[in-house]
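Undergrad: Mind looking over this structure? Questions follow.
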């Protein structure tokens with residue numbers, strides 16, 4: 001019996017790279033669509049709030065204020081920026097934000113961005129599979 005495993009040859013590698021590029025482009029397109037929808041359809045106060053929270057997350061002090069002890073580390077610098085946090089810690093922060101009763105603007109921003117991302121993610125259509 002022959003083993004029909006796919007081998008990595010030039011054609012398979014090119015196909016893999018092409019599909020990966022398509023996924024990245026779809027993701028970038030979705031992010032742009034979310035940003036455009038946020039600026040055009042959301043209330044101006046919500047847009048200002050999203051901008052403020054994203055700006056705070058880009059700083060160490062803001063990350064400490066919004067994330068709490070999750071961003072604290074054992075080495076210098078003791079406060080880790082949000083973009084450098086491991087995925088598990090980021091998920092924990094987002095779970096805390098979804099149930100936050102202390103600071104409701106964070107919950108508002110979380111649900112606004114979640115709704116827009118899910119809307120555009122599920123509205124992506126792969127036309128090559130429809131043919």
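Only the coordinates and a few stated rules stand behind these numbers; no lab work does. Nothing here was measured: the structure is a model prediction, and the numbers come from that model. Positions of Cβ are backbone-derived with ideal geometry, glycine not excepted, and every protein chain shown enters the neighbour counts.
Undergrad: Hey, what number do you get for the chain at 222 nm if only DSSP H runs of n ≥ 4 count, each worth -39500 (n - 2.57), divided across all residues, to the nearest 500?
TA: Per the formula, -22000 deg cm²/dmol.
Undergrad: Report, to the nearest 10°, how far helix 87-98 tilts away from the longest principal axis of the Cα atoms in the chain, using its own Cα long axis and a range of 0 to 90°.
TA: Here the helix axis deviates by roughly 50 degrees.
Undergrad: How do 10, 19, 92 line up, fewest other C-beta atoms within 10 Å first?
TA: By the 10 Å Cβ count, ascending: 10, 19, 92.
Undergrad: Sorting 101, 60 on the 10 Å Cβ count, fewest up front, what's the list?
TA: 101, 60
Undergrad: When 106, 79, 13 are ordered from fewest to most other Cβ atoms inside 10 Å of their Cβ, what list results?
TA: Listed from fewest to most nearby Cβ atoms, that is 13, 79, 106.
Undergrad: Take the chain, connect every pair of alpha-carbon atoms lying under 10 Å apart with a spring to form a Gaussian network, then pick out the residue of 107, 41, 89 with the largest mean-square fluctuation.
TA: 41
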